[in-house]
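This report refers to the structure that appears directly beneath it.
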Amino acid sequence: MRKLAILTSGGDSQGMNTAIRTVAKAAMNKGWEVYGIRRGYKGMLDDDIFKLSPLDVAGLTGKGGTKLLTARLPEFKYPEVRAKAAENLKKRGIDQLVVIGGDGSFHGAHYLYEEHGIKTVGIPGTIDNDIAGTEQTIGFDTTLNIVSDFISKVSDTAKSHERTMFVEVMGRNCGDIALFGGVAAAANGILIPEVEWKIEDIENIVKRRRANGKNYNIIVVAEGVGNTHEIAKELATRMPELDIRVSVIGHMQRGGAPSANDRLLATKLGIAAVDILDKGEQAGVMVGIDRNNVSVHKLSYAWENYSSKNNKDFYDIAMMLSV
Ligand code: ATP
């Protein structure tokens with residue numbers, strides 16, 4: 001009997017559960033034995049691997065978080081650690097693995113295929129949207145909805161009190177959450193790691209808005225840009241007349257029910273992952289979405305082709321609209 005294992009790894013994202021459920025159901029439907037691995041590569045190393053029943057994956061479509069739990073295991077970069085983890089699959093006769101996670105998790109899946117012949121398929125599950133080979137990652141859309149809703153609410157109170165509000169969002173190397181969430185909520189300034197900025201830029205936006213009779217400002221800051229409180233202080237020094245506040249969204253960006261779009265994306269990609277394994281022609285690959293069609297690339301494509309500077313044009317549009 002064919003055997004498949006599923007794990008989630010790295011930061012959690014909304015829709016990981018939908019992907020788990022889809023992959024498990026599709027594989028069970030083919031008569032395969034399906035296993036869950038708890039806590040990603042850590043569970044693979046610790047032998048925390050268990051057989052999934054249809055009931056285990058029932059009711060997961062709209063649930064936030066990941067039922068399989070997630071963790072980080074930095075030691076997975078060592079070949080001997082991967083060998084020990086791979087052995088725990090092999091001793092059960094499991095030679096197929098679906099990895100739901102970000103580009104770090106895809107590195108692990110790449111090595112498991114190259115070094116141990118485990119037929120891996122990666123499904124991009126991360127709120128950051130920082131993977132090449134897919135237009136969107138699972139969780140990004142839900143996070144954008146949370147962020148834009150949060151900014152809109154903050155805007156209401158900023159307008160009433162004529163304040164300048166800094167809103168810090170997630171995104172260490174990739175500013176997509178700040179950029180797209182900011183545009184969706186009509187932010188006035190957006191600071192992302194991909195684009196150089198100076199405090200004078202914010203000062204200018206505030207001044208131009210003031211000249212237009214607008215006495216409130218919303219500046220969205222991706223966490224990778226620097227310390228938001230320090231940036232706010234710097235602006236306060238230059239413009240002491242402003243009433244400035246800082247609001248940090250934090251971990252609620254990762255939680256809650258996945259949006260319908262994320263559920264559909266996770267479903268499409270989950271089905272595609274099992275189909276690829278079923279055909280048996282490809283492995284060590286990732287699935288993604290490209291103009292509404294499923295795309296398939298080698299796992300290494302995810303990091304070798306990623307450019308965090310893709311969005312400069314959209315950033316310019318955002319700035320044009322900001323005043
Ligand atoms: P996110 O960016 O959304 O948090 P991610 O999958 O990129 O997701 P990472 O923490 O970078 O998150 O990686 C998750 C796990 O993947 C790591 O803890 C480690 O176990 C494994 N991993 C990361 N990089 C490598 C690597 N170079 N080689 C082998 N395994 C890796």
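The values are calculated or read from the model by the stated rules, or taken from the named source; none is laboratory data. Treat the numbers as computed from the prediction; the structure is a model and nothing was measured. FYI the Cβ positions are ideal-geometry reconstructions off the backbone, even for glycines, and counts take in every protein chain you see. Heavy atoms of the whole protein, side chains included, go into the accessibility calculation; ligands, DNA and RNA do not. Shrake-Rupley method; radii C 1.70, N 1.55, O 1.52, S 1.80 Å.
Observations on the structure shown:
- Residues that are open to solvent by 60 Å² or more (accessible area, probe 1.4 Å), within 13 Å of the ligand (Cβ to nearest atom) and either in contact with an Asp or Glu (Cβ under 7 Å, 6 or more places away or on another chain) or not assigned by TED's automatic domain parsing to the domain that holds residue 126 (or both) within segment 38-66 comprise just one, 39.
- Test: residue 242 is farther than 17 Å from residue 20 by Cβ and open to solvent by less than 20 Å² (accessible area, probe 1.4 Å): no
- Test: residue in segment 308-321 that is more than 22 Å from residue 200 (Cα to Cα), surrounded by fewer than 19 Cβ atoms within 10 Å (Cβ to Cβ) and β-branched (Val, Ile, Thr): no
- Verdict on residue 30 being open to solvent by 70 Å² or more (accessible area, probe 1.4 Å), away from the ligand (no atom under 12 Å from the Cβ), in contact (Cβ under 8 Å) with a residue 24 or more places away in the chain and not hydroxyl-bearing (Ser, Thr, Tyr): yes
- Yes/no for residue 235 being in contact with a helix residue (DSSP H, G or I) (Cβ under 8 Å, 6 or more places away or on another chain), among the aliphatic types (A, V, I, L, M), touching a residue at least 60 places away in the same chain (Cβ under 8 Å) and in a loop (DSSP other than H, G, I, E, B): no
- Taken over segment 73-106, the criterion of being aliphatic (A, V, I, L, M) and out of contact with any strand residue (DSSP E or B) (no Cβ under 8 Å at 6 or more places or on another chain) is satisfied by 73, 81, 83, 85, 86.
- Every residue from segment 205-230 that is surrounded by fewer than 17 Cβ atoms within 10 Å (Cβ to Cβ) and in a helix (DSSP H, G or I): 207, 208, 210, 211, 229, 230
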